[in-house]
Structure formats: C-alpha cells, structure tokens
Amino acid sequence: ANIDELLVEATVDRLDLRLFDYVVRNASPIRVALDRHVIRLTEMQLVGDDTQLDITGTVNLHDDRIAVRAIGDAGLGILQAFVPDINSSGRASLEATFQGQIRDPIVTGSMTVENGRIRHFDLPHALENISGPVRFDTRSVRLDEVTAQLGGGPIRFGGQIDVEGYQPTRVDVTMVGENMRLRFPEGMRSLVDGDLQVQGSVEAPVLTGTVTVRNAV
C-alpha cells in the first residue's frame, strides 16, 4: 500500500507495438524496476523496419515527472503514417530526450537523415538523396541544414514546421533548387531553377516564389 517501500523488478519477454501499420517489437528482454517511487528503464531495445532504438530513463511517480532518452536509428517509412499520399524510405540516426511533467513532457532532439526519399503520389518526381540534420522540439521541426535532389538538381531547405500535440499545424519552409529537370505539368519538360516558400496552415498552405526556366519543351 505504501509505494515508498515497494521494490519490484520486471522482465518483459515479448512486446509488440503498432503505430498505424508500423510494427515495433523488442529485440531483447525489457527490464524495468520500480525502486520505491521511481520507475527505471534499465534495458529497452526496440526494433522495426530499418529501426533500432535504445530507450533508458526514469519516471518519478511522486512528482509525475519523466526523464527518458532515446538513441538509435529510425526508418523514414513511418512518415507515411502521418502524411497521407506519400511514399517514403531511408534511415535517420535519432537522439531525443523527454523531460518534465508526464502529461506534457518537453521533447528535444535531432534526426540526421541519410539517403532519404519522399514521393507524393500526385507528382512525377521524388525528393531523392535527402540528407542533413532535422532538429526538433515540442513546438517545431527545423530544416535549416537539410539538402536533397529533385529532377537531378540540388535543393537546399530552410525554415520550420510548427507542431502541436505531435501533429504538424503550420508550415514556413523555403526551398532553393538549381538545374532541376522536371516533367511537370504533363506534356512539358523543362530545366529550371527555383526559389520557393511554403507558408500557412497544413490544411491550406500557400506557395510563393520564383521559377527561372532555363530551357523548356
């Protein structure tokens, strides 16, 4: 009855988690200890498609506070669960911390993408070779050092995506590209440079900017 006098050690042999269609399981037995009023995650390794995460930390039941750290690799395929009408692939090294009140923890971290790919079903081209660090916290995802290729031309991203309740709400992102060979719209082929900006709510973003046509057929 008195949690301050309770000491419990638990071993979870099998754990299956599902986020939409994305399945994660434990790679080895998960070890959890309740040391009086503090829960300690002493060993927790989760794996999925192109994903491996080591999670450690503590949860203080008296103060309702959490201090958990996640380190590892994550597959970009999980983006398909949050953004409709896209196909994504690639890997990213991830480091994140969750600290503060259990009901509303402060999240900080970074995700370094390697050879990522995102394709929207309505467009003929995919963003290829996505690389660079994506820094995030509870309120935003920042893209200031991310690069990619579109139509064989290099692209530099900047700006951020605002987040609320782990869902994107507002976009303020820039994209500068050069020598992009595009097959859009249908029946047109072109070599272009672009300096674009997407702003506004996720439901109704506004695209502005300049496209310089070098050659077109």
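The values are calculated or read from the model by the stated rules, or taken from the named source; none is laboratory data. Here the structure is a predicted model, which is why all the values come from computation and not from measurement. Cβ sites come from the backbone with ideal geometry, for glycine too, and all protein chains shown count toward neighbours. When the accessible area is computed, the model is the full protein with side chains, heavy atoms only, and any ligands, DNA or RNA have been set aside. Shrake-Rupley method; radii C 1.70, N 1.55, O 1.52, S 1.80 Å.
A few points about this structure:
- Note on the chain: with charges restricted to the Cβ of Lys and Arg (+1) and Asp and Glu (-1), its dipole about the Cα centre is near 520 debye.
- Lys/Arg +1, Asp/Glu -1 at C-beta; the range 1-45 dipole; positive extreme among THR11, ILE30, GLN45: GLN45
- Kirkwood Rh in Å, taken over all unlike Cα pairs in the range 1-121: 16.0
- Carbon + sulfur, % of accessible area of the range 1-70 - ligands and nucleic acids excluded, 1.4 Å: 49
- Rounded accessible area per residue of the range 1-157, 1.4 Å, Å²: 61
- Which labelled figure in [x] 1.08; [y] 1.25; [z] 0.98 is Rg/Rh (Cα atoms, Kirkwood Rh), once derived from the coordinates: [x]
- From phi via Karplus (6.51, -1.76, 1.60), per-residue ³J(HN,Hα) for the range 143-152 in Hz, x at Gly/Pro: 10, 5, 10, 8, 10, 7, 10, 9, x, x
- Restricting the chymotrypsin sites (Phe, Trp or Tyr not before Pro) of the range 1-110 to loop positions (DSSP other than H, G, I, E, B) with no more than 14 neighbouring Cβ atoms within 10 Å leaves PHE20.
- Phi angles across the range 40-46 convert, under the Karplus curve 6.51 cos²θ - 1.76 cosθ + 1.60 with θ = phi - 60°, into 3J(HN,Hα) values of 10, 8, 8, 7, 8, 10, 10 Hz, Gly and Pro given as x.
- Förster radius 41 Å - calculated FRET efficiency between ASN179 and SER201 (Cβ-Cβ, nearest 0.05): 0.80
- Cβ-derived FRET efficiency at R0 41 Å, ARG14 paired with ASN115, nearest 0.05: 0.80
- Computed over the range 57-101, Kirkwood Rh from alpha-carbon pairs, angstrom: 12.6
- Full-stretch length increase - SER93, ARG31 - with 0.36 nm per residue and alpha-carbon distance subtracted: 19.9 nm
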